[in-house]
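The values are calculated or read from the model by the stated rules, or taken from the named source; none is laboratory data. This one's a predicted model, so the numbers in the text were calculated from it and none came from an experiment. Note that each Cβ is placed from the backbone with ideal geometry, even for glycine, and that neighbours are counted across all protein chains shown.
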Amino acid sequence: VLLDDASVLVTGATGGVGRALCARLARRGARLVVSGRHRSALEDLASATGARAVVADLSEPDGVATLVAEAGTVDVLVANAAVPASGQLTELDDAEVRRALEVNLAAPVRLAHALLPGMLARRQGYLLFVSSLQGLAPTPGASLYVATKFGLRGFALALRQDLHGTGVGSGVLLPGFVRDAGMFAGTGVTLPRGIGTRSPDQVAASAVRQIERDRPEAAPAPPLLAAGAYLSGLAPGPAGAVQRLLGAAELARAVADAQRSSGA
Ligand SMILES: NC(=O)c1ccc[n+]([C@@H]2O[C@H](COP(=O)([O-])OP(=O)(O)OC[C@H]3O[C@@H](n4cnc5c(N)ncnc54)[C@H](OP(=O)(O)O)[C@@H]3O)[C@@H](O)[C@H]2O)c1
């Protein structure tokens, strides 16, 4: 898909990855529609990138409909908004479970459902779903988040099959740990030695390439981490044992405690 003069809707635009995505997409000549819940943050971003801001809470029943109605014609969807929903399932209350399912999984599916007919009629478009390496690897201490990220990957790739030959593409982005800004960096947790990160701009560069080249999947992460995530998905039993040996549960505990104490 050509991004120059394309109308691109980015959800979660004010987050760590979202801001980097918007900067890259704007440099490619995209006409941006940026979305999130907080008007002032969105308007600052909109004026910096020449974007149009649409305030919508994707955990609310009418959030998707509001966003679709105000976004107008959309050539490219970047479904990037998410909540971390980390911790043990039993620590989360019903509202937190519902919010994670809505924002991370149901809203992207419903956005695609609403935007696809227009893209199909124009015989062009691309739907990019921002998942995670946790959409491949069943890591401990984040079962709900992992469920939404696995779901998003399956949806993006299955939809891609159905869209073959239509001119509309679909794909999934699987970032590893992102440094400097965003839901992991915000925790301040130090990763064990040997586990590398990517910057928000590197993740955004990967997303832009994926859209322009109509790729099904990209994993902006250090190659060993990405390979480990793919292997975990193939062999969850042994991979679970390896993760326990490497202290993955303790790392997840530290991340979840920091995210929950900051109200994420
Ligand atoms: N950071 C990482 O290490 C990492 C790694 C792998 C994958 N990812 C994925 O990358 C994407 C972006 O992550 P990030 O680190 O940039 O996250 P972030 O900094 O926490 O930003 C999250 C974004 O989602 C929006 N959002 C949250 N709840 C919302 C709601 N109810 N309705 C509408 N918008 C909502 C937030 O805006 P408002 O608060 O203003 O609504 C914000 O713009 C996510 O899908 C995440 O799962 C991140």
Look through Gly182, Gly196 and report the one residue that is assigned to a loop (DSSP other than H, G, I, E, B) and more than 15 Å from Val130 (Cα to Cα). Gly196
Which one of these is in contact with an Asp or Glu (Cβ under 8 Å, 6 or more places away or on another chain) and modelled with pLDDT under 95: Ala48, Ala85, Ala20? Ala85
Scan region 169-207 residue by residue and report those that are away from the ligand (no atom under 11 Å from the Cβ) and either surrounded by fewer than 21 Cβ atoms within 10 Å (Cβ to Cβ) or hydroxyl-bearing (Ser, Thr, Tyr) (or both). Ser170, Gly188, Thr190, Pro192, Arg193, Gly194, Ile195, Gly196, Asp201, Gln202, Ala205, Ser206
Residues in region 48-55: is at least one more than 30 Å from Ala258 (Cα to Cα), in a helix (DSSP H, G or I), away from the ligand (no atom under 13 Å from the Cβ) and of a type in the set (S, T, N, Q)? yes
Would you confirm whether or not region 147-157 contains a residue that is modelled with pLDDT of 95 or more, among the β-branched types (Val, Ile, Thr) and within 14 Å of the ligand (Cβ to nearest atom)? yes
Yes/no for Ala69 being in a helix (DSSP H, G or I), modelled with pLDDT of 95 or more, surrounded by fewer than 22 Cβ atoms within 10 Å (Cβ to Cβ) and small (Gly, Ala, Ser): yes
Suppose we filter region 2-33 for residues that are at positive phi and away from the ligand (no atom under 16 Å from the Cβ); how many remain? 2
